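Taken together, the values in this text are just the output of simple stated rules run on the coordinates, not laboratory data. Small disclaimer: the values here were computed from a predicted structure and weren't measured. Here the Cβ is made from the backbone with ideal geometry for all residues, glycine too, and neighbour counts use every protein chain on show.
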Amino acid sequence: MKQITIRKARSKDLKGITHYFRELYKGDEEQGFYKSDLSLHMRKSGQMVFVALSDKKLIGYIWTVYYEHIKNKGVAYIEELFVSEKYRKRKVGTQLVNKVISVLKQRNIHSVYVAVGSHMHAAQRFYKAIGFTNSPEKWFFLSI
C-alpha cells in the first residue's frame with residue numbers, strides 16, 4: 001500500500017474537497033448548502049480541516065470545529081469526514097481522525113463528538129471501532 005500523507009488543507013484543495021462534499025451529501029441537492037462554495041478563508045476560530053493525499057492526489061478530508069466550554073474545558077465536533085471509496089478500509093479515516101485528536105489534545109480539548117445518522121451503519125461501526133461510544137445526551141435540532 002502506498003504511503004498516505006495527512007496535512008492541513010490548502011486553498012488548492014478546495015476543488016477536491018468541494019467534489020467530495022457534494023458526493024457526501026448526494027440526495028440533498030435541493031438544500032441551500034449543497035451548492036455553496038466552500039472557503040478555507042471563512043474559517044472562524046476553532047475550525048480545522050485536514051486532507052489525506054495519496055501520490056499528491058486528494059483522497060479524503062476531515063472538517064472539525066472546536067471551542068472552549070466551561071463544563072469540560074473544550075469540546076470538538078467532527079462535522080465531516082469523507083474518504084474516497086477506492087481508499088476506504090485502508091485506515092485513511094482513522095489517520096484523519098487521529099490527526100484531529102492529536103491537535104485537539106495539544107489545545108487541551110478532551111471531548112470529541114460526531115453525529116452519525118441511524119441509517120449510517122458503516123459510519124457507526126467505524127467510529128465504534130476507533131473508540132467512540134454512544135453519548136447519553138439527547139440532541140435536539142431547530143432549523144432557522
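Assuming 0.36 nm per residue, please report the length gained on full extension of the stretch Asn108 to Gln47 beyond their Cα-Cα distance. Present the calculation step by step, with values, prior to reporting the outcome.
Numbers: separation 61, 0.36 × 61 = 21.96 nm, distance 1.47 nm.
Separation in residues times 0.36 nm, less the Cα-Cα distance, equals 20.5 nm.
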## Note on the structure
Expressed as a percent, the portion of alpha-carbon pairs in segment 77-116 spaced more than 12 Å apart is 62 percent
## Note on the structure
Taking a crude spin-label model, label points 7 Å out from Cα along the C-beta direction, the Ser135 to Met1 distance in nm is 2.9 nm
